[in-house]
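Data first, discussion second: the structure below is written as structure tokens.
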Amino acid sequence: MSKIKIKNLTKYYGKNLAIDDISLEITENKIYGLLGRNGAGKTTLLNLITNKLFPTNGEILIDSENIFENERVLSQIYYMSEKNLYPETMKVKEIIKWTKDFYPNFDLDYAYKLSDKFNLNLKSKFKALSTGYASIFKIILTLSSRAPILLFDEPILGLDANHRDMFYKELINYYSVTPTTVIISTHLIEEVSDIIEEVLIIKDGKLILSDTTENILFSGYTVSGKAEDVDAFNKDKKVIGEDNIGKFKSAYILGPIPSKEDPYLNASNLEISKLDLQKMFIQLTNS
Amino acid sequence: MKTIQIVKYQIQQAKIALMIYYAIIFVIAIMLVSTMSRAGLKASENVYLGGLDFASMIFILVLGLTSFKESYYFMQANNITRKGFYKGHLLSIFSIAAFMSFLDIIINLILNTFSEYNTVFSQIYLRNNSMTVSTAFMNFIWSFSLLTLIAMIGYFIAIVYYRSNTVMKIVVSVAPFVLINVLGYLNSITDGAIGNAVNYFNTWMWGLQNGYHPYFASINIFAAFIIFGVFSYLLIRKAPIK
């Protein structure tokens, strides 16, 4: 059991409201996508969950225990922070060994295997790692920690397309073998939309959406075809976004997916496809 | 609790600095002894050596000043509670201070076989430098309490700087100089009353009232350690990651 319960969480930085009365439950063994624009409060929320920061109001419980200075519950989390918290002059291999001291279930062989797979030089000092390799290193520590709750804050920062793909595949492999509660905070929504099972969208410190990816994607649809046909079809629909390419258009619509037998669709050769999570996100977070 | 791992990490971080420090002290001690012997000087000729353990005080102050931020960040990376981190830090201070106090006494004993060598302790509290088991133990307790206090003061300063914003950092840096000048001024307008009070406090604090009382001094030093320790903990308790 590693259920996270957040109750009426509020965080002020001086007079600035960073987290605004958020209440939510993170159920165990699911992959959550924590989405939000820059400065929405994603990192603050993760820092609060890991006791790096302290809430102004509200509380966070893991397995019904308050996390405040609670070593038992905090040791169930490994947090891949965007900030580099590792000793700069220490070698990567040494940091891995020290991390094993603090996480008894740490899988040293897996960490070395992943280092090899990602071509991470274990003899490098931490400060010598590029932004991308620092992210890879932190990903390796997080996955190898074998903690029941893994939090990733911008895990793909500085990663090239190949490494991003490797990370997603590794995460899926890991998750399929070791069911774990995972929260990924990221900007690259399109890339994670196939991985995440639950979506949390934060806007201006408020949780504005918490639902399964499936429900969100089926709450609307994309219609594509000739621009005039799409416009005609959209007349009485709730359009959340449009893309134009020459005479063709794609529109993103909220509402029930029309049946394939819809006479207008058949007559006009319009195509219906799945809603784009990123479009949905942009629509919801555009003020 | 992961206290053992935290202590192990903190001691490991100080290990190389300690090794370099004692290597330098060892070289200095050899140079002193060889200079004395080449010059044909002996203790009976009123030539004294001493104060190498003063370097230990400076070393542990620097250790205290530098041992906060990096360790704190790494412990936070591993989700160690602040309480656990602080507890581990205290135990590592005690271990390092005990080790250094012990080694300083051993160096004292070795140097004493070649010439008259006075530790800071013997210069303050002993009328002659005859190191018996009981004076060596007294020296150990006094050095241990003093080194832990100095380490804690260094640590406290490091945390105050960490928790301060830019303006507060300037205030904290300037404050000692302002305080000294203000006290100097107050001393001049009160016919030396402030100076007398400071002297009285020092004499009392270091156990020099009505004789020599190093154990009493150790108790006072340890009390000061607790005061700095409590303030340090209060500052760490809700220290955010910056």
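The values are calculated or read from the model by the stated rules, or taken from the named source; none is laboratory data. Keep in mind the model is a prediction, meaning the values are calculated, not measured. So basically every Cβ, Gly included, is an ideal-geometry build from the backbone, and we count neighbours across all protein chains shown. Just the protein is used for accessible areas: all its heavy atoms, side chains included, with ligands, DNA and RNA removed. Shrake-Rupley method; radii C 1.70, N 1.55, O 1.52, S 1.80 Å.
General remarks:
- Enumerated strands (runs of 3 or more DSSP E) restricted to the range A:1-111, each holding at least 3 residues that are away from chain B (no Cβ under 11 Å) and over 26 Å from A:Ile189 (Cα atoms): A:4-13, A:57-62
- Test for B:Tyr155: is it open to solvent by 10 Å² or more (accessible area, probe 1.4 Å) and either free of Cβ contacts under 8 Å to residues at least 24 places away in the same chain or farther than 30 Å from B:Ser37 by Cα (or both): no
- Looking at the range A:176-226, the strands (runs of 3 or more DSSP E) lying wholly inside it that each contain 2 or more residues that are open to solvent by less than 50 Å² (accessible area, probe 1.4 Å), β-branched (Val, Ile, Thr) and over 30 Å from A:Leu270 (Cα atoms) sit at A:181-185, A:198-203.
- Among the residues of the range A:27-48, the ones that are surrounded by fewer than 22 Cβ atoms within 10 Å (Cβ to Cβ) and on the phi < 0 side of the Ramachandran plot come to 8 in all.
- Check on B:Val171, loosely packed, with under 14 Cβ neighbours inside 10 Å, among the aliphatic types (A, V, I, L, M) and in a helix (DSSP H, G or I): yes
- Residues that are within 17 Å of A:Pro155 (Cβ to Cβ) and touching a residue at least 60 places away in the same chain (Cβ under 8 Å), drawn from the range A:39-64: A:Lys42, A:Thr43, A:Leu45, A:Leu46, A:Ile49, A:Thr50
- For A:Val239: the one exception among (1) within 19 Å of A:Leu188 (Cα to Cα); (2) modelled with pLDDT under 90: (1)
- Taken over the range B:202-241, the criterion of being assigned to a loop (DSSP other than H, G, I, E, B), within 14 Å of chain A (Cβ to nearest Cβ) and open to solvent by 40 Å² or more (accessible area, probe 1.4 Å) is satisfied by B:Lys238 alone.
- Pairs are defined by a Cβ separation below 8 Å, a sequence spacing of at least 6 or placement on different chains, a first member in the range A:158-183 that is closer than 16 Å to A:Phe137 by Cα, and a second member that is basic (Lys, Arg) and modelled with pLDDT of 95 or more; the pairs so defined are A:Met166/A:Lys117; A:Glu170/A:Lys117.
- Long-range neighbours under 7 Å by Cβ, at least six apart or interchain, first residue in contact (Cβ under 8 Å) with a residue 24 or more places away in the chain and of a type in the set (D, E, K, R) within the range A:99-113, second open to solvent by less than 40 Å² (accessible area, probe 1.4 Å) and assigned to a helix (DSSP H, G or I): A:Asp107/A:Ser144
- In the range A:160-191, the residue that is modelled with the lowest pLDDT out of those that are under 19 Å from A:Thr43 (Cα atoms) and among the aliphatic types (A, V, I, L, M) is A:Leu188.
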